[in-house]
Amino acid sequence: MYSFFVRLLRGIIILFSGLEVHGLENIPDQGGAVIAANHVSLLDPVVLGCSIKRPIHFMAKAELFKNPFLNWLFSKLYAFPVRRGVADREALRTAIQRLELGNLLGVFPEGTRSKELQEIHNGAALFGLKANVPIIPVYMHNTDFLKFRRKISVYIGQPIIPKADAKTNKTELLAISNQIAEQFSLLNRKESP
């Protein structure tokens, strides 16, 4: 079902707006990785899923899973619930387990939608360190709303590889989060004239 939706939505995006993806070679063909992307609009998970050839697993707010149809649909699309505003240990375990099984995990480390870059939270770094997988920054342009023939651009950055002996402490988390922020800034400049 995931593949069907991705093909359908990719076709719609390409037909309506256009989609340009740079840096696909930075996504591993196999093995787990955290895909850490900027977050501008509700369309971001769709654009991200349509830009990368492998399925991406996402967390979605738990309230969406209360509806039986949405619960079924999101489960088929590899989403899983997270309770916001609390330390949701079950969602953390699920995320790490999916990474350890070799899946991609999509995360929006700014924590909220914004047209301007916001402070990077440590979630993406935490998942990468705990599962010992690369964190791959992705910067998307023009996803704030679809305008006819307004091209959407996706820039995939260089993987950030956690040190094998790194401990999950504030210093390590902050160092990786700062690397994500630096790559967001660099990738954002690629679109600017």
Q: Using 0.36 nm per residue of separation minus the Cα-Cα distance, give me the extension gain between GLN97 and LEU186 in nm, one decimal.
A: 29.0 nm
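Classify segment 47-126 from the C-alpha gyration tensor, please: rounded if a/c falls under 1.5, else prolate or oblate depending on whether a/b exceeds b/c. Mind dumping the intermediate values first?
Details: a/c = 1.29, a/b = 1.18, b/c = 1.10.
Judged from the Cα gyration tensor, segment 47-126 comes out rounded (a/c under 1.5).
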Q) Points 7 angstrom from Cα along the Cβ direction at LYS53 and ASN169: gap in nanometres? A) 4.1
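Within the set LYS76/LYS151; LYS130/LYS163; LYS61/LYS163, which residue pairs have Cα atoms separated by over 21 Å?
Values: LYS76/LYS151 29 Å; LYS130/LYS163 11 Å; LYS61/LYS163 31 Å.
With Cα atoms farther than 21 Å apart: LYS76/LYS151; LYS61/LYS163.
For the chain, which whole percent of the accessible surface, found with a 1.4 angstrom probe, sits on carbon and sulfur atoms?
Working: 5860 of 10700 Å².
Answer for the chain is 55 percent, counting heavy atoms of protein chains only.
Would you mind working out the accessible area per residue for segment 2-72, using a 1.4 Å probe, and quoting it in Å²?
Values: 3700 Å² over 71 residues.
Result: 52 Å² per residue.
Using unit Cβ charges (K, R positive; D, E negative) and no other charged atoms, how large, in debye to the nearest 20, is the dipole of segment 63-108 about its Cα centre?
On the way: 7 positive and 4 negative charges, 14 e Å.
Around 60 debye, computed over segment 63-108.
Express the relative contact order of the chain as a whole percentage, based on alpha carbon pairs under 8 Å and six or more residues apart in sequence. Please report the intermediate quantities before stating the final value.
On the way: 344 pairs, mean separation 57.9, N = 193.
It rounds to 30 percent for the chain.
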(Q) How far apart, in nanometres, would the label points at GLN30 and GLU119 be if each is projected 7 angstrom from Cα along the Cα-to-Cβ direction? (A) 4.1
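The values are calculated or read from the model by the stated rules, or taken from the named source; none is laboratory data. Just so we're clear, the structure is a prediction, and the values are computed from it rather than from any experiment. Quick reminder, even Gly has a Cβ in these numbers, built from the backbone with ideal geometry, and neighbours come from all protein chains shown. Surface accessibility is based on the protein's heavy atoms, side chains included, excluding ligands, DNA and RNA. Shrake-Rupley method; radii C 1.70, N 1.55, O 1.52, S 1.80 Å.
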